[in-house]
Amino acid sequence: MSDLPLIQLKNNSWVLLGPTNIGIVEDGDGVYIIDSGCDAEAGKTILSAVDQKGWKIKAIINTHSNADHMGGNYYLQSSTGSEIWATKEEAAFIENPFLEECLFWSGYPFRDLRIKFYNASPSKVSRIITPDETHDNFRFISLPGHFFNMIGVFTDDKVFYIADSIYNEFMLNKYKIPYILDVPTFKETLYKIKNFKADFYVPSHGEVMTNIDSIVNYNIFRIEEIEEHILEILNEKLSFDDIAQKLCASFDISPSYSQFIVICNTIRSYLAYLFDSKKISHCMHNNKMLWVNIK
């Protein structure tokens, strides 16, 4: 497979472009793989690229545990015996992917959710890492907000693999309401990477960038726009289902059921954030939990 989209960014820092971009950092005669894609096919593509270069996989570093970032773990670990590294919180999901399905559905998931988009094959985490830990020619950078304890990887070459800390313009314009677990922390991470100086920024989805200011600003604009829409919608008392329906209508989107489930998770995160910020309140009425703007 000589046409593999493997690009050398700097001396020891590479990227294998795909639906989920895969980082590769050389270290002596071996490499560290940053994330493993959606499934076994992604794992096979990674292994093909590694074999072509005559590299040996030292470890797979999972930035976080969403299925499209660790779906190739099982294939690679089974084929090469490679270690898998992750933070403690993300390791729980990597070893038990069923937890992600339960998280997204907020209960036992129905069968349409028990698919590879949510449910990667489990793999064994070999080492628990901590954000801001230094290792050989790279260090881990804490990038929480999108998921529980997501990390990025910053190399001595000044290449920054930033995982899902930003969304590209195409995704924001198409889906309008991206997945966010912790809204204020997600915003803090956006400002953090904006002030982080690197020669290359490698997001998990989209193009490699040398300047990140404009896309970070656009992410901030979109995140704040969602908040404004929710506050406007909550000028009257509404149940969660009514909020979700009105928010989708306000952005002129008609999501599929799988997209809607992701959107609903984000809305719940916003409600928690706005309530904690004392911008909205809630009450029970006729066996419904209602939310309303505090004017």
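Computed from the coordinates by the stated procedures, all read-outs in this text should not be read as laboratory data. All values reported here derive from a predicted model rather than from experimental measurement. Using ideal geometry, Cβ is built from the backbone for each residue, glycine included, and neighbour counts are taken over all protein chains shown.
Rounded to whole Å and sorted largest first, list the principal axis extents of the Cα atoms in the range 189-238.
48, 20, 14
By the gyration tensor of its Cα atoms, with a ≥ b ≥ c the square roots of the eigenvalues, what is the shape of the range 6-164: rounded for a/c under 1.5, prolate for a/b over b/c, or oblate?
On the way: a/c = 1.95, a/b = 1.45, b/c = 1.34.
The shape class here is prolate.
Mind sorting Tyr74, Tyr257 by how few other Cβ atoms lie within 10 Å of their own Cβ, fewest first? Provide the component values of the computation, followed by the final result.
Details: Tyr74 21, Tyr257 9.
The order, fewest Cβ neighbours first, is Tyr257, Tyr74.
Picking from Pro203, Pro178, Pro109, which is most flexible by a Gaussian network model of the chain using Cα springs under 10 Å?
Looking only at Pro203, Pro178, Pro109, the biggest GNM fluctuation is shown by Pro109.
Between the range 217-238 and the range 1-64, what is the separation of their alpha carbon centroids in Å?
Taking the Cα centre of each part, the range 217-238 and the range 1-64 sit 38 Å apart.
How about the range 173-249: which trypsin sites (Lys or Arg not before Pro) there lie in a loop by DSSP and see at most 16 other Cβ atoms within 10 Å?
On the way: sites: Lys174, Lys176, Lys187, Lys192, Lys194, Lys197, Arg222, Lys237, Lys246; in loops: Lys176, Lys197, Lys237.
Passing sites in the range 173-249 are Lys197, Lys237.
Cα gyration tensor of the range 181-295, axes a ≥ b ≥ c as square roots of the eigenvalues: rounded (a/c below 1.5), prolate (a/b > b/c) or oblate? Numbers along the way, then the final one.
On the way: a/c = 2.78, a/b = 1.93, b/c = 1.44.
The shape class here is prolate.
List Met171, Met284, Met209 from most exposed to least, where exposure is judged by having the fewest other Cβ atoms within 10 Å. Walk me through the intermediate numbers first.
Details: Met171 15, Met284 8, Met209 18.
Ascending Cβ contact count within 10 Å gives the list Met284, Met171, Met209.
Here are some pairs, Lys10/Lys192; Lys194/Lys288; Lys124/Lys194; Lys158/Lys278; Lys174/Lys279; Lys10/Lys58; which of them have Cα atoms lying more than 31 Å apart in this structure?
Values: Lys10/Lys192 23 Å; Lys194/Lys288 41 Å; Lys124/Lys194 34 Å; Lys158/Lys278 40 Å; Lys174/Lys279 28 Å; Lys10/Lys58 20 Å.
Too far apart for the 31 Å limit: Lys194/Lys288; Lys124/Lys194; Lys158/Lys278.
Which of Lys53, Lys44, Lys88 ends up with the largest GNM mean-square fluctuation for the chain, with Cα atoms connected below 10 Å?
Of the options given, Lys53 has the highest mean-square fluctuation.
For the range 18-108, give me the percentage of DSSP beta bridges that are antiparallel, rounded to the nearest 5 percent. Numbers along the way, then the final one.
Working: 5 of 13 bridges.
Percentage antiparallel, nearest 5: 40.
Restrict the search to the range 151-210; then list the GluC sites (Glu not before Pro) that DSSP places in a loop and that have at most 15 other Cβ atoms within 10 Å of their Cβ. Mind showing how you got there, number by number?
Values: sites: Glu169, Glu188, Glu207; in loops: Glu207.
Within the range 151-210, the qualifying GluC sites (Glu not before Pro) (loop, at most 15 other Cβ atoms within 10 Å) are Glu207.
For the range 226-293, go through all pairs of different Cα atoms, get the mean of 1/r, take its inverse, and jot down that Kirkwood value in Å.
Numbers: mean 1/r = 0.0824 Å⁻¹.
For the range 226-293, the Kirkwood estimate is 12.1 Å.
Give me the percent of Cα-Cα pairs in the range 82-141 that sit more than 18 Å apart, rounded to a whole number.
Details: 791 of 1770 pairs.
Distances greater than 18 Å cover 45 percent of the Cα pairs.
Computed from the coordinates I sent, Cα extents along the principal axes in Å equals one of [x] 62, 42, 37; [y] 70, 51, 29; [z] 65, 41, 33. Tell me the label.
Matching entry in [x] 62, 42, 37; [y] 70, 51, 29; [z] 65, 41, 33: [z].
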